[in-house]
Amino acid sequence: MRHIILTGHSRISEGIASAIEFVLGNKIPYFNAYMEGEELYLKKLQAKLAEYPLKDDIIILTDIMGGSVNNDMMKFLDRPNIHLVCGMNLPLAVQLILSEEKNTELLIRQGIQAAKDGIQYCNDIQVSASMDDLGDF
């Protein structure tokens, strides 16, 4: 079995979890870090990890490479089947949830590529419709 956990600074993981639930209906565990009232996020995350069998794959998504949250999560890499991915965003999370890929490493690599491909500078996209093409409304 495979599980996804979101964690990041402030409420970023909560926001992405909320968007996932809105778009897909899936509830994903998340942990807000370094916020007042969330001082024990690492202990809560450890308790969540303890719920999963060691044979299960666990993908932990964090917000930024080299950030304190990602550095905290690096400490969990000694547990079997933990996969840590930084640069968390909604397209990445959706890809990881919806894909039917069985190989977790391949799934993560595909998800990262899909997330990268989804980042676009929209000014470069040519829009062919003009106001006249829109017709009356």
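Coordinate-derived values only; no laboratory data. Note that this is a predicted model, so its numbers are computed, not measured. Backbone-built Cβ (ideal geometry, glycine too); neighbour counts: all protein chains shown.
Assorted remarks:
- Max mean-square fluctuation residue, GNM over the chain, Cα-Cα springs under 10 Å, options GLY87, GLY25, GLY111: GLY25
- Exposure proxy ranking for ILE112, ILE59, based on other Cβ atoms within 10 angstrom of each Cβ and starting from the fewest, stands as ILE112, ILE59.
- Eigen-decomposition of the gyration tensor built on the alpha-carbon atoms of segment 2-134 gives equivalent ellipsoid semi-axes of 31, 18, 14 angstrom, largest listed first.
- Within the listed set ASP56, ASP78, ASP124, the Gaussian network model of the chain (springs between alpha-carbon atoms below 10 Å) gives the highest mean-square fluctuation for ASP124.
- Gaussian network model of the chain, springs between alpha carbon atoms under 10 Å - residue of ASN81, ASN89, ASN123 with greatest fluctuation: ASN123
- Shape call, segment 1-74: gyration tensor on alpha carbons, a/c limit 1.5: oblate
- C-alpha center-to-center spacing [segment 8-61, segment 62-81] in angstrom: 13
- Pairwise FRET efficiency - ASN123 versus ARG79, Cβ, R0 = 41 Å, nearest 0.05: 0.40
- Segment 1-48: GluC sites (Glu not before Pro) in DSSP coil with no more than 16 other Cβ atoms inside 10 Å: GLU36, GLU38, GLU39
- Sequence-distant contacts, meaning Cα pairs under 8 Å at least 6 residues apart, place the relative contact order of the chain at 21 percent.
- Derived scalar couplings ³J(HN,Hα) [segment 88-97; Karplus, 6.51 cos²θ - 1.76 cosθ + 1.60; whole Hz; x for Gly, Pro]: 3, 8, 5, x, 4, 4, 4, 4, 5, 6
- In the chain, lysine pairs with alpha-carbon atoms under 18 angstrom apart (chain gap of 8 or more, or interchain): 6
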